[in-house]
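Let me begin by presenting the structure, written as structure tokens, before commenting on it.
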Amino acid sequence: TQEAYQGLVPSDCLLMLGTDYCLLRPEFRRYRPQSLKRRMLPSSHIQQLLITMGGVDLGDYTSQLLQLIPEMEFLPVDLKILVIMGPGAPHIENVMVEAKKNRFAVEVKTAIHNMAEVMTQSDLAIGAAGSTAWERCCLGLPFINIVVAENQQAIGDELSRLNVADSIQALQSNGLCFDSLSHALKALVSETERQHKTQVSAELINGEGVYRVIQEIETIC
């Protein structure tokens, strides 16, 4: 917000703030049409759930999710869960253990270089409320935010207020709340609700932020 920079920058400083100036890699802009088109097609049920709790996931929330999700009987039996983690994630062994004993087919990948493609192929996602939230919005991927850090709180709160994505508080709790997660996931089982989330999130970020920043800089120069 403009107020956050008062006293920190000169009064004539140009502030390019907000989602209009969101800086995403070109791949998300490239995959956006394909992703949005796919989500508007009739679909019987969700087939792939993407879990991305950040490259490190210090709180091992990924393992918690893999423990809780199988208890949700409303999910389709043929659901595939794709977990993306960083190669240096400290709890990756725990995640692998949970993946092997899960009632759903779980695949764990590390250090991938095609996140936009993976998101495009997924039906919904659960992820930390960090910068990947903007990537999910650009592709219209319905998602649930997990707030795991102080600097994610405002993002989670605002996206909830805008009805873009439900946010679940993990920062000030002893773990993920089953009821909150179950309620949010159950809503996204509905094709109508997923399509609504796609429209709302895609309107928030269209992948043109980098080009808006360039245009502003060229105007100044």
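Throughout, read-outs are computed from the coordinates displayed, never taken from laboratory work. None of these values were measured; they are calculated from a predicted model. Counting neighbours? That spans all protein chains shown, and the Cβs are built from the backbone with ideal geometry, glycine included.
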I'm trying to understand the selection: among the residues of the stretch 71-120, which are assigned to a strand (DSSP E or B) and either under 20 Å from residue 178 (Cα atoms) or under 19 Å from the mean Cα position of the chain (by Cα) (or both)? 80, 81, 82, 83, 84, 85, 106, 107, 108, 109, 110
Check 127, 207 and return the single one that is touching a residue at least 60 places away in the same chain (Cβ under 8 Å), within 27 Å of residue 20 (Cβ to Cβ), buried (at least 21 other Cβ atoms within 10 Å of the Cβ) and within 12 Å of the chain's Cα centre (by Cα). 127
Quickly run through the stretch 2-51 and pick out the residues that are aromatic (Phe, Trp, Tyr) and in contact with a helix residue (DSSP H, G or I) (Cβ under 7 Å, 6 or more places away or on another chain). 21, 28, 31
Check 156, 140, 207, 130 and return the single one that is part of a loop (DSSP other than H, G, I, E, B) and either within 19 Å of residue 54 (Cβ to Cβ) or of a type in the set (A, V, I, L, M, F, W, C) (or both). 130
Those residues of the stretch 86-100 which are surrounded by 11 or more Cβ atoms within 10 Å (Cβ to Cβ) and either touching a Ser or Thr at 6+ places or on another chain (Cβ under 9 Å) or under 26 Å from residue 73 (Cα atoms) (or both), in sequence order: 86, 89, 91, 92, 94, 95, 96, 97, 98, 99
Could you tell me which of the residues 171, 181 is under 19 Å from residue 54 (Cβ atoms), in contact (Cβ under 8 Å) with a residue 12 or more places away in the chain and part of a loop (DSSP other than H, G, I, E, B)? 171
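Yes/no per residue for (1) without any contact (Cβ under 8 Å) to a residue 12 or more places away in the chain; (2) loosely packed, with under 14 Cβ neighbours inside 10 Å; (3) in a loop (DSSP other than H, G, I, E, B); (4) among the small types (Gly, Ala, Ser):
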position	(1), (2), (3), (4)
11	yes, yes, yes, yes
20	no, yes, no, no
28	no, no, no, no
31	no, no, no, no
42	no, yes, yes, no
51	no, no, no, no
54	no, no, yes, yes
58	no, yes, yes, no
63	no, no, no, yes
